[in-house]
Amino acid sequence: MNASSPRPEGLVVVYKPRGITSHDVVDGVRHILGTKKVGHAGTLDPMAEGVLVLGVGRATRLLRYLSGLDKEYEGTGLLGVETDTLDADGTVTHTAEVVVSRDRLEAAMTALTGDIEQIPPAYSAVKVGGERLYRAARRGEAVEAEPRKVHVDAFELTRFDPPPFDFVVRCATGTYVRSLVADAGTAVGAGAHLTRLVRTRVGPFGLDRAVMLNRLRQPRPIEEAVAHLPSYRLEHADEAKAASNGVCLAPAGIEGPYTLFGPDDALIGIWRDTGAKSCPEMVLAPA
């Protein structure tokens, strides 16, 4: 990159292929755009593929407003085979005959929707006692995390051809889809593991907005990182200058965090009403 060129910044929505890590994608974006300041808003396992949202430059600071967005997946489970990782990358730990009806599997999947408790897989990045679970699992140590509450809007069967079955999942962040598949298999007495997973949506970002890494040229505008939030536009330059210095303003009457723009339509940061004032949660330094 030319020394006089502006540093790249904005949002990148990539289609991560199967077989590489999310960090591999981050490294690829860094190389293509010629900048080190790249981060992602939620990982995908190496065997998974699909939508991966990344921030570049100042947009990395906005990723926390994306990490909690709902997600959608489509995938395939295999009944009758269990693995230690709950997916196809693991070692087979148990097999069983598959004698399962469509109605029984659908009932098991429906029971795993709504607000449920889920135990993070042994091979996951969840920390217990300050250590990632997968590190203990690789040493052969049995360490189990506490159950966590997650929300699953839908876990629907789309193709039933046992032992394989296809499904779609719509869920809140923090949900382990491979655990849903394994738990459904356990519920029908056959066991199961995940063999294919495609993330089709992260919040407003679907497959139609994702590009292959080798086709990436420029990030999307930084404003797209927080386009799902309500917004408020200041009318006067002096207000915008004060806001850029972190000064609280009069409340905007908007619930929750919202984007604050100056009269020139430049994104100043993220604000939140707190009683009689509107104060910054995050002020973006000028580009």
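For the range 1-108, applying the loop criterion from DSSP together with a ceiling of 13 other beta carbons within 10 Å to the trypsin sites (Lys or Arg not before Pro) yields LYS36. A quarter of the convex hull surface defined by the alpha-carbon atoms of the range 229-283 gives 3.1 nm² as the mean projection.
Counting only aspartates and glutamates at least 8 places from LYS16 when in the same chain, those with an alpha carbon closer than 14 Å to its own are ASP24, ASP27, ASP45, GLU49, ASP208. May I ask you to give the average projected area over all directions of the convex hull of the Cα atoms of the chain, in nm² rounded to one decimal? Mean orientational projected area (the chain, Cα hull): 18.0 nm². Taking the C-alpha atoms only, the angle from helix 177-187 to the longest principal axis of the chain is near 30 degrees. If you take the charge dipole of the range 236-287 about its Cα centre, with +1 on Lys and Arg Cβ and -1 on Asp and Glu Cβ, which of GLY275, GLY262, ALA237 is farthest toward its positive end? Value: GLY275. Checking Cβ-Cβ separations below 4.7 Å across the chain identifies CYS171 as cysteines lacking any candidate disulfide partner. Using R0 = 45 Å, the C-beta based FRET efficiency linking THR186 and ILE20 works out to 0.90.
Hey, with R₀ at 22 Å, roughly what FRET efficiency would ALA237 and THR274 work out to, going by the Cβ-Cβ distance, to 0.05?
0.35
Our summary of shape: the Cα atoms of the range 149-287 have principal axis extents of 66, 41, 19 Å, ordered from largest down, in whole angstrom. The charge dipole of the range 229-283, taken about its Cα centre with unit charges on the Cβ of Lys, Arg, Asp and Glu (plus for the first two, minus for the last two), comes to roughly 140 debye. Of the GluC sites (Glu not before Pro) found in the range 140-222, those in coil by DSSP whose Cβ has at most 15 other Cβ atoms within 10 Å are GLU141, GLU144.
To the nearest 0.05, how large is the calculated FRET efficiency for ARG138 and LEU229 if R₀ is 30 Å and r is the Cβ-Cβ distance? Intermediate results must be reported in sequence, preceding the final value.
On the way: r = 40 Å, r/R0 = 1.32.
Working from the Cβ atoms, E equals 0.15.
Tally Lys/Arg at +1 and Asp/Glu at -1 over every other residue whose Cβ is under 10 Å from the Cβ of THR21; what's the total? Walk me through the numbers on the way to the answer.
Working: positive: LYS16; negative: ASP24, ASP27, ASP45.
It works out to a net charge of -2.
Which residue, SER22, SER101, SER67, tops the fluctuation ranking in a GNM of the chain built on C-alpha contacts under 10 Å? Highest fluctuation among the options: SER101.
With a cap of 15 neighbouring Cβ atoms within 10 Å, and only residues DSSP puts in a loop, list the trypsin sites (Lys or Arg not before Pro) found in the range 216-287. If you can, show how the numbers build up before the last one.
On the way: sites: ARG217, ARG233, LYS241, ARG272, LYS277; in loops: ARG217.
Passing both the DSSP loop test and the Cβ count: ARG217.
Put a plus charge on the Cβ of each Lys and Arg, a minus charge on the Cβ of each Asp and Glu, and nothing anywhere else: the dipole of the chain about its Cα centre is then about 1020 debye.
For the options ALA237, ALA190, ALA172, a Gaussian network treatment of the chain with springs between C-alpha atoms closer than 10 Å singles out ALA237 as fluctuating the most.
From the Cα gyration tensor of the range 176-231, with a ≥ b ≥ c the square roots of its eigenvalues, which class applies: rounded if a/c is under 1.5, or else prolate if a/b is larger than b/c, or else oblate? Intermediate values should be presented prior to the final figure.
Working: a/c = 5.41, a/b = 2.18, b/c = 2.48.
The shape class here is oblate.
Comparing VAL211, VAL181, PHE160 along the charge dipole axis of the chain, the residue lying farthest to the positive side is VAL211, per the Cβ-charge model. For the pair ALA285 and ASP27, label points projected 7 Å from Cα toward Cβ lie 2.8 nm apart.
Compute the orientation-averaged projected area for the range 1-99 from the convex hull of its Cα atoms and round it to one decimal in nm². Mind dumping the intermediate values first?
Values: hull surface 31.5 nm².
So the mean shadow area of the Cα hull is 7.9 nm².
What does the charge add up to near ALA172, with Lys and Arg as +1, Asp and Glu as -1, over the other residues with Cβ less than 12 Å from its Cβ? Neighbour charge sum, excluding ALA172 itself: 0.
Read-outs throughout are calculated quantities, based only on the coordinates presented, and are distinct from any laboratory measurement. Please read these numbers as outputs of a predicted model, since none were measured by experiment. All Cβ positions, even for glycine, are placed from backbone atoms using ideal geometry, and neighbour counts span all protein chains on display.
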